[in-house]
Amino acid sequence: MGLILTLIMGGLIGWIAGMIMGTDIPGGKIGNIIAGLIGATLGGYLLGSWGPEIWGVSILPALVGTILLIAIVSIILNMMHRRR
């Protein structure tokens, strides 16, 4: 059950981060889950585990990490698009 809750939390974090950034995450719902999980891991490494926690995920570091990930991916995709 823990894995399912973690995947749901990753999807929610990815969706919220996409709304804050005002950009769509490539891949739809699966992209949200992947971005949320990778962003939560990134945020955990950079900021530790502080703030509110739901289902074993610290919300604020996960959100910051996911926003950072979306920004980096957006920059890379824009650079690749300009080269064409």
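Brief remarks on what is shown
- Nonlocal amide H pairs with Ile54, under 5 Å, H built at 1.01 Å: Ile59
- Under the Karplus curve 6.51 cos²θ - 1.76 cosθ + 1.60, θ = phi - 60°, whole-Hz ³J(HN,Hα) for the range 49-57, x wherever Gly or Pro sits: 10, 10, x, x, 10, 10, 6, x, 10
- Helix 59-82 axis, angle to the chain major axis (alpha carbon atoms, nearest 10°): 10 degrees
- Modelled label positions at Leu47 and Ala71, each set 7 Å beyond Cα in the direction of Cβ, lie 1.1 nm from each other.
- Rounded tilt (10° steps) of 2-21 against the dominant C-alpha axis of the chain: 40 degrees
- Descending semi-axes in whole angstrom, ellipsoid equivalent of the chain, from the Cα gyration tensor: 23, 14, 9
Any read-out appearing in this document is the output of simple, stated calculations on the displayed coordinates, not a laboratory observation. If you're wondering where the values come from, they're calculated on a predicted model, not measured in any experiment. Backbone-built Cβ (ideal geometry, glycine too); neighbour counts: all protein chains shown.
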